[in-house]
Amino acid sequence: MNGAYVSGLGMWTPGFRDVESWAADAPDAAITAPVADLLPVPLRRRVTPLTCMAADVATQAAREAGADLAATPIVLGSAYGEVATAVAMMSSFREAEGLPSPTRFHNSVHNTALAYLSIATGNRGFSTALAAGAATPAAALVEAWALLAERGGEVLLVFVDEPPPAPFAPANPYPAAAAALHLAFTPGPTTKALLSGLRRAAAAPCTPLVGGLHHHPCAGAFALVAAIARRARGAVSLGPFDAGGWEIHVEPAGDA
Amino acid sequence: MRDHPSQRAYPLTAYAAGNCLGRTTDEIVRALSAGASALRPCPLQLPFDTACGVFPGVLEPLPLSLAAYDSRLSRIALAVLDGLAGAVDRAIRRWGRDRVGVVVGTSTGGILESERAERAHAESGVLPPTFNFDRQHAFHGILEVIRLRTGAGGPACVISTACSSSGKVLGSARRMMAAGLADAVIAGGVDSLCHTTLRGFASLQALSTRACRPFSAERDGTSIGEGGAFLLLERGGDAAVRLLGVGESSDAHHMSHPHPEGLGARLAMEEALRQAGLEPGAVDHVNAHGTGTPASDVAEAKAIAAVVGTRTPVTSTKGYSGHLLGAAGATEAVFAALSIEHAFVPESLGAAPVDPLITVDVCLRRRQGRLTAVLSNSLAFGGSNVSVLLGGTA
């Protein structure tokens, strides 16, 4: 496979509702919760903040690409998944008779967001949820790349992480944030860039990212979204940024 | 058609599993042949009675160089990986370390260590001094320790989709090789007993108090087990068993209940057969997900009947080992590989009397005979389904 065409992007982190506002560093203090309109109201009441972020960015990227979420394969990359829900359950284990709530338990799995997206859209096709720490963006791109090579068509990449809560909070704090990229085997009317040359690379520092996202485990994915949004050309480091990193080449559409 | 990347068959050049049935595949095949369950009362302090599959023997602490990654999970993983060490070393010499990938399934990673640390923090106000969340609990901790132990330096990730995790690793491994991103992949799964899953499944009223009895009219829930399994897939090589296809689908139905007709499971089995270019009639055994919960066994049996009919012998091995959750897919792929190599279908332990709503041919007595194609299903929370198709050498 020569490359993958990016035809839609999505982004959410507190203060930024979409890629445009984030790339322009134009924060809005009123943006405190993602828009999860994709999920029917009865589902929305039961889902987690992480799932709402995933639903928001998936909707943005699919809308821009004109993709049908009921038929698009999804690869979810998240280093820690539903870690806030999993840790919230633990206090109940300190009580001898303690059991978690059934909803909290089934919402604690790594594929929770995929499940709710699939239920909300009726998508019975392929989806997967993966993790690889700071290599999560590269690992998700490897999976998406292999899926496109095998099947052609399209794939929606969704990246989402929230910081682990106390007492497991990270040494370098970062905000909850999510991004999505719609990738296709062939170019379309909204194609923004061509990705190619996914490969191992020497360690390179992450460029500073708006919203303090350079400590986020999916920093490499945000760096890629930022490069595509500003129509940059060249190699983008996907992380890990300390050692053993990955990079991908970005070519803006229309420049090829 | 065979030359299309998605229809390539990859040899399983080595595989190993460890769980309550034994620490080696030799011990496991003896237990499966003998129809002997190894489920026993759960050793964790829980507010209810349940049977569990406990990894047998002493789990040695990790060597000093890997001590920061020490957890029950990593001890199980490395104990099982030892059974694969020679084959992995050969694969790394043959293909080069950066061409050997690692894909590992787990549902909860090393969460048992965080459960202990959280309790200590609540009592003393501080986390234990040696506790390291990223190395002992987070998914990248187990991934890193497996890469360090094996020396594999190719693409690596954890797949975590609850109980289908380590069936789906075989799909990711297969695609990674088909796309030319790796020439060999160590694919497997590992999970340990922990409060999160045991108390969680209890909250869903999904646990039996005794050894689970999948497909039985008298079934009343599942049993949880712990363990690990790893399979080495290579682009070429001699092997008695090959990976023919991996179907992955979603139910789009409910977070914790299966689609009542098993629609997602059916789609996964059909996709695995399509990838292999095989007709359903070629399947001569199904290792079912078969957890022993009332609704899911009926739904899965309907799906199996719809795909392969009602004459193919179906076994759930949960009555032997319990449900290994994120390790179930890889573990049962190993069970299926053992069935092919040793030419037998294990008894579906505890199934008699079979529920009259289940119309597939549940295997009530061990059957001897050559197997050419075996499906192994894993069906998960959130409606994540995988069906792995293994075949003997033609």
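Cα axis of helix A:49-65 to longest principal axis of chain A: angle in degrees, 0 to 90, nearest 10? Here the helix axis deviates by roughly 30 degrees.
Obtain the nm distance between the two label points defined at B:V126 and B:E261 by a simple spin-label model: each point lies 7 Å from its Cα along the Cα-to-C-beta direction. For B:V126 paired with B:E261, the spin-label model returns 6.1 nm. Taking B:L44, B:L371, B:L73 in turn, the Gaussian network model of chain B (Cα-Cα springs below 10 Å) assigns the largest fluctuation to B:L44.
Note on chain A: GNM, Cα springs under 10 Å; of A:A178, A:A221, A:A166, the largest mean-square fluctuation is that of A:A166. Placing a label point 7 Å from the Cα of B:R97 along the Cα-to-Cβ direction, the residues of the stretch B:153-176 whose backbone N falls under 11 Å of that point are B:153-154.
For A:D161, nonlocal amide neighbours, meaning residues 5 or more places apart or on other chains whose placed amide H falls under 5 Å from its own, are A:A177.
Each peptide in A:151-160, A:225-234, B:98-107 gets a packing score, the mean of other Cβ atoms within 10 Å over its residues, and the list from highest to lowest is B:98-107, A:151-160, A:225-234.
Taking a label point 7 Å from the Cα of B:T372 along the Cα→Cβ vector, which residues of the stretch B:272-296 have an amide N closer than 20 Å to it? Answer for this model: B:272-287. Distance from the Cα centroid of the stretch B:139-155 to that of the stretch A:106-136 is 23 Å (rounded to whole angstrom). Extension gain, B:E27 to B:A67: 0.36 nm times the residue separation minus the Cα-Cα distance gives 11.5 nm.
On a 0 to 90 degree scale, rounded to 10, what angle separates helix A:112-121 from the longest Cα axis of chain A? It works out to around 70 degrees. Per-residue shielding of B:102-111, expressed as the average number of other chain Cβ atoms within 10 Å of the residue Cβ, stands at 3.
Each peptide in A:201-211, A:64-74, B:267-277 was scored by the mean count of other Cβ atoms within 10 Å over its residues; highest first, the order is B:267-277, A:64-74, A:201-211.
Roughly how far apart, in whole Å, are the Cα centres of the stretch B:24-59 and the stretch B:324-347? Each part reduced to its Cα centre gives a spacing of 16 Å. Residues of the stretch B:336-363 falling in the label zone of B:D49, defined by backbone nitrogen less than 20 Å from a point 7 Å along Cα to beta-carbon, are B:350. Distance between the 7 Å Cα→Cβ label points at B:R311 and A:T186: 4.3 nm. Close amide-amide hydrogen proximity is noted between B:G277 and no other residue 5 or more places distant or on a separate chain, at a cut-off under 5 Å (H modeled in the peptide plane; Pro and chain starts excluded).
In whole Å, how far is the Cα centre of the stretch B:185-235 from that of the stretch B:354-392? About 16 Å separates the Cα centre of the stretch B:185-235 from the one of the stretch B:354-392. Counting only DSSP H runs of at least 4 residues, each contributing -39500 (n - 2.57), and dividing by the residue count of chain B, the helix-based mean residue ellipticity at 222 nm comes to -10000 deg cm²/dmol. Could I have the simple spin-label model distance between B:H342 and A:R46, label points 7 Å from Cα toward Cβ, reported in nm to one decimal? Modelled inter-label distance: 4.1 nm. Peptide B:353-362 is shielded by partner chain Cβ atoms: per residue, an average of 0 of them sit within 10 Å of its Cβ. Database note for chain B: Cys without another Cys beta carbon under 4.7 angstrom, B:C20, B:C157, B:C163, B:C194, B:C212, B:C363. Report, in degrees rounded to the nearest 10, the 0 to 90 angle that the Cα long axis of helix A:83-93 makes with the longest principal axis of chain A. Compared with the principal axis, the helix lies near 20 degrees.
Quick note: the coordinates plus some simple rules give every number you see, no bench work behind them. Quick caveat: nothing in here was measured; it's all calculated off a predicted structure. All Cβ positions, even for glycine, are placed from backbone atoms using ideal geometry, and neighbour counts span all protein chains on display.
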